[in-house]
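Supplied in structure tokens, the structure appears directly below.
The values are calculated or read from the model by the stated rules, or taken from the named source; none is laboratory data. In this text, all values refer to a predicted model and were calculated from it rather than measured experimentally. Here Cβ is always computed from backbone atoms with ideal geometry, including for glycine, and neighbour counts include all displayed protein chains. Ligands, DNA and RNA are excluded from the accessible area calculation, which covers all protein heavy atoms including side chains. Shrake-Rupley method; radii C 1.70, N 1.55, O 1.52, S 1.80 Å.
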Amino acid sequence: ADSVEEPTAQPARPDVLPVYAPVSLPQGNPVDFYEARANPVLSDQLRRVVDGEGPLPEVLLFKRIARAWRLERTGSRISERLRRLVPADINRTREVEATFYWPTDADPRAWQQFRVAGNQDESRRHASEVCAEEISAVIKHVLHLAGSAPRSELAKTVCKVFGMARTPAEAEARVNAVVDSMLQAGAVLENEGYIRRP
């Protein structure tokens with residue numbers, strides 16, 4: 001009798017899905033960064049990065065701005081300054097260890113999109129830099145293609161989508177935490193170690 005192979009989860013194809021790409025910002029003078037006259041420029045840059053790259057974590061957002069101003073470290077002083085300048089109408093969601101900033105008009109409760117890694121290193125992200133809603137969207141996509149997958153295989157595939165060559169324990173734990181939330185919400189089911197859509 002012919003053996004039936006289990007469907008394996010395949011990463012999404014970058015040529016048919018949106019690729020994550022960092023926003024390019026003009027270089028600023030680090031001496032001017034703390035000047036009041038830089039405030040509107042910084043607020044505008046914060047919005048540009050959030051609208052172009054969001055949802056993204058606060059630490060990555062502030063790092064992106066600081067590097068554009070040729071500031072090598074993003075310490076508490078820089079973070080506090082930028083936090084005060086984030087436009088008030090930008091949505092935020094809070095997870096256990098991070099605050100994520102969302103593009104204008106984006107509704108985190110209805111979010112179904114995700115971005116994949118492309119050929120450029122800049123498009124690669126760690127699972128910790130991706131919000132739970134985007135991880136959930138990748139999980140649904142992978143299960144739609146594969147039918148079902150063991151937790152460990154699912155975590156590896158999700159991490160590959162984001163451009164991670166390996167799946168360290170903390171990345172697998174992050175994906176599994178999202179799987180657990182999806183199980184509680186009834187968005188996925190688990191049977192004998194396999195995760196599948198309802």
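Return the calculated 222 nm mean residue ellipticity for the chain, to the nearest 500 deg cm²/dmol, obtained by summing -39500 (n - 2.57) across DSSP H runs with n ≥ 4 and dividing by the residue count. Walk me through the numbers on the way to the answer.
Details: 6 runs with 79 residues, N = 198.
It lands at -12500 deg cm²/dmol.
Report the charge-dipole magnitude of the chain in Debye, nearest 20, computed about the Cα centre from +1 at each Lys and Arg Cβ and -1 at each Asp and Glu Cβ.
Value, rounded to 20: 680 debye.
Here's a follow-up. Can you list residues whose amide H is under 5 Å from T99's amide H, if they're 5+ apart or on another chain and H is modeled 1.01 Å from N?
E58, V59
To the nearest 10 degrees, how steeply does helix 58-68 sit against the main Cα axis of the chain, on a 0 to 90 scale?
50 degrees
Only residues of the stretch 167-198 count here: report those whose backbone N is under 12 Å from the spot 7 Å along Cα→Cβ of R151, or say none.
The answer is 172-181, 183, 190-195, whose backbone nitrogens lie closer than 12 Å to the label point.
Kindly sort E95, E192, E170, E72 by accessible area of their heavy atoms, largest first, with the probe set to 1.4 Å.
E192, E72, E170, E95
For the chain, find the longest principal axis of its Cα atoms and tell me its angle to the long axis of helix 76-85, 0 to 90°, nearest 10.
90 degrees
Test of understanding: what is the full-extension gain from D107 to V23, defined as 0.36 nm times their sequence separation minus their Cα-Cα distance?
This chain segment gains 28.1 nm when fully extended.
Tell me the per residue accessible area of the chain using a 1.4 Å probe; a whole number in Å² is fine.
For the chain, the per-residue accessible area is 56 Å².
With a 1.4 Å probe and all protein chains left in place, how much of the accessible area of the chain comes from carbon and sulfur atoms, in whole percent?
The computed percentage sits at 48.
Excluding same-chain residues fewer than 8 positions from K63, which lysines have a Cα within less than 26 Å of its Cα?
K160
R0 = 35 Å: FRET efficiency of V16 with E95, Cβ-based, nearest 0.05?
Numbers: r = 29 Å, r/R0 = 0.82.
For V16 and E95, the calculated efficiency is 0.75.
Give me the one-decimal nm value for the distance between modelled label points at A173 and R196, 7 Å along each residue's Cα-to-Cβ direction.
According to this spin-label approximation, the distance is 3.1 nm.
What does the charge add up to near Q113, with Lys and Arg as +1, Asp and Glu as -1, over the other residues with Cβ less than 12 Å from its Cβ?
Result for the local shell: -1.
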